[in-house]
Amino acid sequence: MTYSPSPSHDLCTLVLEDGRRLAYSDYGAPSGYPVIFAHGMPGSRLEGRFFDEQARAAGFRILALDRPGIGASNYQPDRRLLDYSDDVGQFADQLELASFVHMGWSSGGSRTLACAYSLGDRISQAVVLSGYTHFAELPDSHTLLLKTRWPGPVLAELSTPLFRAVVDVVVWISRRRPGIYLRKARSMVSEQDRQLLEDETLRDYFREDQIACLDSGGRAIATDLLTEMTDWGFRLAQVPVPTLIYQGQQDPFVPERFAHHMAEHITGADLNLLPESGHLYPLDPGFQAGLFHRLQDILGLEAPNGTRTRANEANPV
């Protein structure tokens, strides 16, 4: 296995045991406590840079991975959810990370829990930001998702080829009309989310992240989604790592019931509901500062200047 960092922290690569290239970005404090970050879907490793400034101030290093077939990472056929934790284990070995936080946003939440299950002895803390619960353990999960206008799990249950075909069509249209796709996405988010996207830098980062994922094509995106919608290969009660669960109560994409379900089944889970937040609150510097402050307390760390970071009072965690 070889490790080949790029001159740009936006793209670094390494080679896994099976020969696949794994791409990642390296943000925050270079010598800080490592946080491996799992992106949403649509999403890519570029989501890591949303956290760059606050992570650097708090003394955390953000290592954001492209999952197989997404961005600059090679595709892996017949993938299952626990393959992600295998990749992360190899990634951590190559970077010589003895322990780390794993954090996942949206579809990245299930990947966080997979790592917490498989690599529990190396993960000091799990953080799930508006993640999906294990559908196999929540009988009405598909009904709840239909209310968010996301029929994916129902389609996948009816027919995997049908699901892949629908994803292919949606991705094909979105790649050719990215402006329409982004306007539609913006119209579906909460009012607080729209306010966050008023920031030009955040809006540009969000656009680049979404397009990087869409450019990966329907095959990779469908495969990635299916690993989350089928049985995970473990149960939530088997997750041994303390887990912070955050959920915006104005989230139009992830039902609040999912967060409660995870908290009810994961031993040591800590549920944090954000009454005024939607789905994009992880982009908020105030939320990030509060989260990193809390991780400092949990891990017994101090910021580079010897002081704690301070959360924005309007966005408590």
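Values in this text are rule-based calculations from the coordinates and carry no lab data. All values derive from a computational prediction rather than experimental measurement. Neighbour counts are summed over all protein chains in view; Cβ atoms, including those assigned to glycine, are modelled from backbone coordinates with ideal geometry.
Would you mind estimating how fast the range 260-301 diffuses translationally, via Stokes-Einstein at 25 °C and 0.890 mPa s with the Kirkwood radius over Cα pairs, in µm²/s?
Values: Rh = 12.0 Å.
Rounded, D is 204 µm²/s.
Overall, the chain carries a charge dipole of about 680 debye about its Cα centre when +1 sits on the Cβ of Lys and Arg and -1 on the Cβ of Asp and Glu, all other atoms neutral. Put simply, the Cα atoms of the range 206-298 extend 40, 34, 25 Å along their principal axes, the longest span coming first. For the chain, excluding the exposed loop sites themselves (GluC sites (Glu not before Pro), DSSP loop, at most 15 other Cβ atoms within 10 Å), the longest remaining stretch covers 97-197.
Residues whose amide H comes within less than 5 Å of that of ARG61, counting only those at least five positions distant or on another chain, are ALA29, GLY32, TYR33, VAL35 (H built at 1.01 Å from N in the peptide plane).
A dipole drawn for the chain from +1 and -1 charges on Cβ atoms has a positive end, and of PHE163, LEU63, MET103 the residue lying farthest that way is PHE163.
Restricting the calculation to Cα atoms, the range 45-139 yields a radius of gyration followed by a Dmax of 13.6, 43 Å. DSSP bridge analysis restricted to the chain gives an antiparallel fraction near 30%, rounded to the nearest 5. A Stokes-Einstein calculation at 25 °C with viscosity 0.890 mPa s, built on the Kirkwood radius of the chain over Cα pairs, returns a diffusion coefficient of 126 µm²/s.
Provide the per-residue ³J(HN,Hα) series for the range 10-16, in order, calculated from phi with Karplus coefficients 6.51, -1.76, 1.60 and θ = phi - 60°, each as a whole number of Hz, with x at glycine and proline positions. Ordered by residue, 3J(HN,Hα) equals 6, 8, 10, 9, 9, 10, 7 Hz.
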